[in-house]
Amino acid sequence: MCSVDRSISILKDAFPDAFAEGRIDVDVLRQLLGYLVDDRPERYRLTWNGKGRARDVAQAPPVGELRPCPEESVDWDTTQNLLIEGDNLEVLKLLLDGYGGRVKMIYIDPPYNTGNAFTYRDHFRDSVAGYLQLTGQANADGRRLRADAEISGRYHTDWLNMMYPRLDLARSLLREDGVIFISIGDNEVANLRIICDELFGEENCLGCVARVAKKTSNKGAYFAPSKDYVLVYARRAECVAPFMDAVDPAYASRFTGRDDRGRYATVGLYQAALDPRPNQRYWIACPDGSLAIPPGEVFPDEAVDGAQVKPRSRRDRVWRWSRTSYLARKHLLVFKKSTRSPLLTPDKSPSKWNVYTKYYLEDRLNDGIRPRDYLDDITNDLGTAALKSLGMDDFFEFAKPPELVRRLMQWLGDRDGIYLDFFAGSGTTAQAVLEQNAEDGGNRRFVLVQLPEPCPRDSVAAQGGCHTIADICRERVRRVIVRLRDQHVPDATLDLGYRLFKLRG
């Protein structure tokens, strides 16, 4: 069943009154939806020339088929990994039948719009001349009506028309707890976020990660460009578990305390940046019998342990824990004497104590830590080094580091599932999946799609036998497999193969 049929089936189940003789009665549907319909002539949205056609293209049925190529594959009979050569728009439609609602993670690094004439071969694209005519800047004969005809919007239009239907299809491939990560540059990050809000729902935006891409560039008119972004969206945010990052081994050096449970570190129970809460301002009894409370202007009526008072203003500071948590977790407190404590005693003089809480190394190692939305340790030179280590120096420019995709996979915390990249390029995602499986014993499967875009005849890649970008991708994956087999023989649990398919129109 195609995505349109599925959508209609869901709609019919929810609003049977809106269907008559197998067709949708739009007027009835609008009436049933009531206040959910926004029919105002002006409303918040992003629009461009060709958006309607881009939406139609996503819904159009596929016209090609995938031709199996076992002779060019590795372990055809046993592997579950796929490499597919062809236009990703058509391939995504074909994948819906077998992979719709099954993909755990999508990572894509689509072509960045650099502000120059953007080209990507799609049947629904307009020529620049058509754009000028439809935007009132040229007549039917192509003669410009304005001397300063604007074509920069055309560059955004081309890029958006390319991305919109592919993202629409990508959403249908994700599981309920599936997540898509999209690498993107400055020129289109704002537009990409708006169309992703439209396609995935603003409530399913999990964040935008800034990544330091390079640290040595001095190009640029005003700033040396050093970063790009990773936009993160879920199919359904409520189904996605909180992300967890791996704990750096050096992190363990912070845990200098030790008790019967193990190694621990401490963090202040009072922190000045905390917002006042009604149940978080109370007395704490210190080892010498004195009482301490965060700075403020109101104090509990009784000077006894646990007595509390409601803050009246932001000047009345609070503990991190509620009073209930404090009474239940006193065993996790650590008191340290200090001559500069900000805490106060009942007579409003400075306390001799600071109060801290324990947190244990074992818990952090098991649970991980929440990842930051800023990465400065995975720069593009790692992508270049990864290709060089495979003997593919200068085969491909701007390859993303496998370490980036592996980091994203680690955040999800799932060692199984399908991992899709439909702008596969040199095959970074496949390398990341294979290497991560080899490291943690996972059973992740990759599906990569790459257009067989020709390499220049005089390029290093062509001289090395790779005549298309898809050839580079396949050769890279093959070399990664050879290296991992040398390192992990004999390990029958690792899927070190791929099935190759080629799109045929």
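Where a number appears in this text, it was derived from the coordinates with a stated rule and is not lab data. This structure is a prediction, so every number in the text was calculated from the model and none was measured. Reconstructed Cβ throughout: ideal geometry from the backbone, glycine too, with neighbour counts over all protein chains shown.
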*Using a 10 Å cut-off on Cβ atoms, rank the peptides 83-90, 436-443 from the highest mean neighbour count down.*
83-90, 436-443
*What is the set of long-range amide H partners of Val447 at a cut-off below 5 Å, with H atoms built 1.01 Å from backbone N?*
Leu82, Tyr419, Leu420, Asp421
*What Rg and what Dmax come out for the chain when only alpha-carbon atoms are used, in angstroms?*
28.9, 92
*Residue-averaged [θ]222 nm for the chain, counting only DSSP H segments that reach four residues, each worth -39500 (n - 2.57)*: -9500 deg cm²/dmol
*Of the options Leu361, Leu408, Gln436, report the single residue whose Cα projects farthest towards the positive end of the charge dipole of the range 330-466 (beta-carbon charges: Lys, Arg +1; Asp, Glu -1).*
Leu361
*asked:* Rg and Dmax in Å for the range 235-300, alpha carbons only: what are they?
replied: 18.5, 55
*Based on Cβ point charges of +1 for Lys and Arg and -1 for Asp and Glu, what charge dipole magnitude is obtained for the chain about its Cα centre, in debye rounded to the nearest 20?*
1840
*Where q = 0.23 Å⁻¹, what log10 of I(q)/I(0) comes from the Debye formula for the range 456-505, counting one point per Cα?*
-0.88
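Can you check what the net charge comes to around Pro295, using other residues whose Cβ is under 11 Å from the Cβ of Pro295 (Lys, Arg +1; Asp, Glu -1)?
+2
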*Kindly identify the range 161-237 as rounded, prolate or oblate by the Cα gyration tensor criterion: order the square roots of the eigenvalues as a ≥ b ≥ c, call it rounded if a/c is under 1.5, otherwise compare a/b with b/c, prolate if a/b is larger, else oblate.*
prolate
*Expressed in whole Å with the largest first, what are the equivalent ellipsoid semi-axes of the range 314-450 derived from the C-alpha gyration tensor as the square root of 5 times each eigenvalue?*
50, 18, 13
*If the viscosity is 1.306 mPa s and the temperature 10 °C, what Stokes-Einstein diffusion coefficient in µm²/s follows for the range 235-378 when Rh is the Kirkwood radius over Cα pairs?*
92
*What ranking, highest mean first, results for peptides 318-331, 66-79, 162-175, 18-31 when packing means the other Cβ atoms within 10 Å averaged over each residue?*
162-175, 318-331, 66-79, 18-31
*asked:* Can you compute the label reach from Asp486? Point 7 Å from Cα along the Cβ direction, backbone N cut-off under 17 Å, restricted to the range 372-400.
replied: 386-393
*Could you pull out every residue, at least 5 positions away or on a different chain, whose amide H is within less than 5 Å of the one on Leu274? Hs are placed 1.01 Å off N in the peptide plane, and Pro or chain starts have none.*
none
*So which of Lys104/Lys388; Lys104/Lys214; Lys214/Lys400; Lys93/Lys502; Lys310/Lys352; Lys104/Lys227 end up more than 20 Å apart, counting from Cα to Cα?*
Lys104/Lys388; Lys104/Lys214; Lys310/Lys352; Lys104/Lys227
*Any chance you could run the full-extension gain for Tyr359 through Leu382? It's 0.36 nm times the residue separation minus the Cα-Cα distance, nm to one decimal.*
4.9 nm
*Count the net charge of all other residues whose Cβ sits under 12 Å from the Cβ of Gln59, scoring Lys and Arg as +1 and Asp and Glu as -1.*
+1
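If you add up the charges near Asp245, with Lys and Arg at +1 and Asp and Glu at -1, over every other residue whose beta carbon is less than 15 angstrom from its beta carbon, what do you get?
Value of the local net charge: -3.
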*asked:* Going by amide H atoms built from the backbone, whose H comes under 5 Å of the H on Val334, apart from near neighbours?
replied: Tyr356, Thr357, Lys358
_For the range 194-316, size of Cβ-based charge dipole, Lys and Arg +1, Asp and Glu -1, in debye_ = 660
*Give the distance, in whole Å, between the Cα centre of the range 380-450 and the Cα centre of the range 234-275.*
28
_Residue-wise HN-Hα coupling along the range 379-390, computed from phi with Karplus coefficients 6.51, -1.76, 1.60 (Hz; x: Gly, Pro)_ = 8, 5, 5, 5, x, 5, 5, 4, 5, 4, 5, 9
*Using R₀ = 30 Å, calculate the FRET efficiency as 1/(1 + (r/R₀)^6) where r is the Cβ-Cβ separation of Ala241 and Phe19; round to 0.05.*
0.20
*Å³ per residue of the Cα convex hull, for the range 145-294?*
277
*For the range 362-401, max minus min Cα coordinate along each principal axis, in Å, sorted largest first?*
43, 20, 10
